[in-house]
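The values are calculated or read from the model by the stated rules, or taken from the named source; none is laboratory data. Fair warning: this is a prediction, and the values are worked out from it, not measured in the lab. Reconstructed Cβ throughout: ideal geometry from the backbone, glycine too, with neighbour counts over all protein chains shown. Each accessible area value is taken on the protein alone, full model and side chains, heavy atoms only, with ligands, DNA and RNA left out. Shrake-Rupley method; radii C 1.70, N 1.55, O 1.52, S 1.80 Å.
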Amino acid sequence: ARADRAVVEAFLTASREGDIAGLVAVLAPGVALTADAAALAMGAERYLGAPGDDGETLAAGPDAVAGAFAGRAPAAQVATIDGAPGAVWMHGERVRVAFVFTVDDGRVTGIRLVADPAAHAAMSIVPG
């Protein structure tokens, strides 16, 4: 879990710094960025691209996901989500978006943006 947290931290650092190579280095070849309907309604596609045919995939592959996040997520902070490393964007004390990461063999294979408050209530989210 500690190694996975380091991968998420490296991803967030590279994202904030606009470091495309740093992002690609922690992304698996088949990585996908998806979002729930609430995240799409909040404007995720305005910043990260329109969803694909499935209605929720915003980017697929390391180059596309890196491009979506480069120079973004300045307010995202590392969190533990359902016992695994992830990230959150908070407004005040309230989680607005949970970034649910899937990490396998030291690389991010998936990122799901979850903005539905009901989904947050069902998750264990611990910022920091």
**OP:** Take the residues in region 100-112 that are open to solvent by 10 Å² or more (accessible area, probe 1.4 Å), touching a helix residue (DSSP H, G or I) at 6+ places or on another chain (Cβ under 8 Å) and in a strand (DSSP E or B), then tell me which one is nearest to GLY43 (Cα to Cα).
**Re:** PHE101
Original post:
Give me the pairs: first residue in region 65-86 and farther than 18 Å from ALA6 by Cβ, second residue among the basic types (Lys, Arg) and modelled with pLDDT of 90 or more, beta-carbon distance under 6 Å, and six or more apart or on different chains, which are they?
Top reply: PRO74/ARG16
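Would a scan of region 19-37 turn up a residue that is in a helix (DSSP H, G or I), among the charged types (D, E, K, R) and more than 14 Å from ILE111 (Cα to Cα)? First the steps, then the outcome.
Pass one, region 19-37, residues in a helix (DSSP H, G or I): 20-26, 37.
Next cut, among the charged types (D, E, K, R) only: none.
No, that holds for no residue.
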Subject >> Answer from ASP82, ASP63 - the residue that is open to solvent by 60 Å² or more (accessible area, probe 1.4 Å) and under 14 Å from PRO127 (Cβ atoms) >> reply: ASP82
**OP:** List the number of the failed condition for ALA73; all other conditions in (1) open to solvent by 30 Å² or more (accessible area, probe 1.4 Å); (2) assigned to a loop (DSSP other than H, G, I, E, B) hold.
**Re:** (1)
**OP:** Tell me which residues, restricted to region 1-14, are open to solvent by 20 Å² or more (accessible area, probe 1.4 Å), of a type outside the set (Lys, Arg) and either part of a strand (DSSP E or B) or touching a Pro at 6+ places or on another chain (Cβ under 6 Å) (or both).
**Re:** ASP4
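If you take the residues of region 39-60 that are of a type in the set (Gly, Ala, Ser), open to solvent by 30 Å² or more (accessible area, probe 1.4 Å) and not in a loop (DSSP other than H, G, I, E, B), which of them is modelled with the highest pLDDT?
If we filter region 39-60 for residues that are of a type in the set (Gly, Ala, Ser), which is where we start, we get 39, 41, 43-44, 49-50, 52, 55, 59-60.
Within this subset, residues satisfying the condition of being open to solvent by 30 Å² or more (accessible area, probe 1.4 Å) are 41, 50, 52, 55, 60.
Imposing the further condition that a residue be not in a loop (DSSP other than H, G, I, E, B) reduces the set to 41, 60.
Values: ALA41: 85, ALA60: 90.
Per the stated criteria, the residue is ALA60.
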**OP:** Might you check whether a residue that is free of Cβ contacts under 8 Å to residues at least 40 places away in the same chain and surrounded by 15 or more Cβ atoms within 10 Å (Cβ to Cβ) occurs anywhere in region 15-22?
**Re:** yes
